[in-house]
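Comments concern the structure below.
The values are calculated or read from the model by the stated rules, or taken from the named source; none is laboratory data. Please read all numbers here as calculations on a predicted model, not as lab measurements. Every residue, glycine as well, gets a Cβ built from its backbone with ideal geometry; the counts of neighbours run over all protein chains shown.
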Amino acid sequence: MALADKTLTCRECSRTFVFTVGEQEFYQSRGLQHEPTRCPDCRASRRRYGSDYGRSRIMYKAICANCGCETEVPFEPKEGRPVYCGDCYAKIREERV
């Protein structure tokens, strides 16, 4: 089956982009079965900034178990588990090494 360039639409920014024959051959050589859903710019942004790019992260207020200051953490604190502010956490990690 002969391959030809395909014009696809990015699901992130809605711009069209070309899925070239060379890219299609690369995908086939790697065993990838699905066409890309994001344009090269959006794929590069996701690689650079991670999968949370463009989304705001939910932060939870907590009291540091070491120094008692109020801090925010990216996970929901659970009762019985200590939560540390950034400074105290860094000091604890240093001590472990």
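Can you say whether residue 18 is at pLDDT 95 or above and surrounded by 10 or more Cβ atoms within 10 Å (Cβ to Cβ), as far as the supplied structure shows?
Working: at pLDDT 95 or above: yes; surrounded by 10 or more Cβ atoms within 10 Å (Cβ to Cβ): yes.
Taking the combined requirement at face value, the residue satisfies it.
Looking at 43, 57, 38 in this structure, which one is modelled with pLDDT under 85 and under 28 Å from residue 12 (Cβ atoms)?
Values: 43 fails: modelled with pLDDT under 85; 38 fails: modelled with pLDDT under 85.
Just one listed residue meets the conditions, 57.
Select from the range 16-27 the residues that are touching an Asp or Glu at 6+ places or on another chain (Cβ under 8 Å) and within 15 Å of residue 42 (Cβ to Cβ) and list them in ascending order. Correct list: 18, 19. Among the conditions (1) exposed (fewer than 12 other Cβ atoms within 10 Å of the Cβ); (2) over 20 Å from the mean Cα position of the chain (by Cα), residue 11 misses just one, which is (2).
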